[in-house]
Every structure is written in C-alpha cells, then in structure tokens.
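J.: One structure, as structure tokens, below. Some questions next.
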Amino acid sequence: QVQLVESGGGLVQPGESLRLSCAASGRIFASSRMAWYRQAPGKERKLVASILDTGFPNYPDSMKGRFTISRDNTKNLLYLQMNSLKPEDTAVYYCNYWTSVQGNYWGKGTLVTVSS
C-alpha cells in the first residue's frame with residue numbers, strides 16, 4: 001500500500017507563486033512514475049506534470065512554461081513549483097504514484113485558489 005499526502009495549497013493572488021509538496025510512504029518501489037494532476041471546479045481531472053524516478057520531467061503542451069516538477073527520491077517527496085499563477089489555475093491538485101506492478105495511487109488533494 002502507498003499513501004500520498006499533499007500540502008502547500010492555499011489562497012494566493014494572481015501573479016504569485018506556490019510550491020506544492022507530496023509525501024509518499026508505504027511500499028514505495030524504486031522504479032515509479034509520479035505526477036501532479038489537477039481538477040478545476042466543474043472540469044475533468046488533467047495531467048499537470050509527471051516525472052520518473054530517474055528524472056525526465058514531462059509536461060503537456062498546455063502546461064509548459066510556468067510549472068516545474070521535481071522529486072527527492074531519498075525523502076520520497078514530490079514537488080510542484082507554480083509561478084505566475086492565474087485564476088484559471090484554481091483547482092484541487094492531486095499527487096499520483098504509479099508502477100506497473102502496483103498500479104495507481106492518489107492523494108486526497110490540496111486546494112489552490114488564485115483570486116484577488
């Protein structure tokens with residue numbers, strides 16, 4: 001079993017920055033993909049960024065530019081640096097963990113609200 005706990009969300013004004021964190025615990029496999037997804041009010045859940053245990057961050061074209069994903073394998077931590085936040089970034093941000101053996105695990109999410 002894998003547990004994922006997100007933190008770092010909150011209320012920010014447009015143009016400000018946030019860094020989200022995800023702490024993973026349990027049976028963490030060495031080879032894994034981790035990712036951030038988000039779900040805005042009334043919208044579907046979408047991939048924000050993903051990263052392998054060896055690195056290789058990946059971003060959908062629509063997400064490139066303002067967000068940076070990283071992970072610290074020694075601490076089982078996943079990060080998402082978000083800069084120049086816009087109101088349309090308002091969403092619940094979910095941490096995701098995947099291996100071919102274990103399948104998907106999800107955190108409960110952390111809410112990011114961008115509003116003036």
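J.: May I ask which residue of THR74, GLN102, SER62 lies farthest towards the positive end of the charge dipole of the chain, with charges of +1 (Lys, Arg) and -1 (Asp, Glu) on Cβ and the Cα centre as origin?
T.: Result: GLN102.
J.: Turning to a different aspect of this structure: From the cross-link list LYS46/LYS75; LYS86/LYS108; LYS43/LYS108; LYS43/LYS75, which pairs have alpha carbons spaced over 21 Å apart?
T.: Working: LYS46/LYS75 26 Å; LYS86/LYS108 23 Å; LYS43/LYS108 17 Å; LYS43/LYS75 32 Å.
From the list (LYS46/LYS75; LYS86/LYS108; LYS43/LYS108; LYS43/LYS75), the Cα-Cα distance tops 21 Å for LYS46/LYS75; LYS86/LYS108; LYS43/LYS75.
J.: To continue, here is another question. Length gain on complete extension for the stretch GLU44 to THR74, per 0.36 nm per residue less the alpha carbon to alpha carbon distance?
T.: Details: separation 30, 0.36 × 30 = 10.80 nm, distance 3.25 nm.
Full extension of this stretch gives 7.5 nm more.
J.: Okay, next question. Counting only DSSP beta bridges with both residues in the chain, tell me the antiparallel percent, nearest 5. List each step's numbers first, then the result.
T.: Numbers: 40 of 43 bridges.
Around 95 percent of the beta bridges assigned by DSSP in the chain are antiparallel ones.
J.: For the chain, with every protein chain kept in place, what is the accessible area per residue (1.4 Å probe, Å²)? Intermediate values should be presented prior to the final figure.
T.: Details: 6310 Å² over 116 residues.
Accessible area per residue, the chain: 54 Å².
The values are calculated or read from the model by the stated rules, or taken from the named source; none is laboratory data. Since the structure is predicted, the reported quantities are computational estimates derived from the model, not experimental observations. Note: ideal-geometry Cβ built from the backbone for every residue, glycine included; neighbour counts use all protein chains shown. Side chains are part of the model used for accessible areas, which takes the heavy atoms of the whole protein and leaves out ligands, DNA and RNA. Shrake-Rupley method; radii C 1.70, N 1.55, O 1.52, S 1.80 Å.
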